[in-house]
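Reviewing the structure listed below.
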Amino acid sequence: MKRPTEKQVGILYFIGCTLYKKGGYEHMETSATRATARYHKKKGLVSKSYKLDKEIVWMFTEACENIETTQAKELTKFMKRFIKKNHPDYE
């Protein structure tokens, strides 16, 4: 992201955005993204990223849409079943 001009910084200030550096890049943060981050922290939600075969991902996405559910909900159910079966400390 290129460094914003003085005029752009003034506009960002006006609409309530904050610029901050993360990993060498400048990001804009709004009050909405801060609120979302607080909510995720409060709920204990984390974001994970996995490399998967695109055909599997495509079929999974379609299957979830067909039964009108979310991918997150189905992955959570799978993870809970898997942990219950394979982890000795699971309740």
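The values are calculated or read from the model by the stated rules, or taken from the named source; none is laboratory data. Here the structure is a predicted model, which means the values were calculated and not measured. Here Cβ is always computed from backbone atoms with ideal geometry, including for glycine, and neighbour counts include all displayed protein chains.
What the table below lists for this structure:
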read-out: Cβ pairs under 9 Å, 6+ apart, first in segment 31-51 and closer than 19 Å to residue 73 by Cα, second assigned to a loop (DSSP other than H, G, I, E, B); value: 39/45; 40/46; 40/47
read-out: Conditions (1) at pLDDT below 80; (2) part of a helix (DSSP H, G or I): number failed by residue 2; value: (2)
read-out: Selection count where residues are of a type in the set (Lys, Arg) and either closer than 20 Å to residue 48 by Cα or touching a helix residue (DSSP H, G or I) at 6+ places or on another chain (Cβ under 7 Å) (or both), scope segment 62-85; value: 4
read-out: Segment 58-91 - residue that is outside any helix (DSSP H, G or I) and among the hydroxyl-bearing types (Ser, Thr, Tyr) and, of those, farthest from the chain's Cα centre (by Cα); value: 90
read-out: Within segment 17-57, considering residues that are aliphatic (A, V, I, L, M) and assigned to a helix (DSSP H, G or I), the one modelled with the lowest pLDDT; value: 32
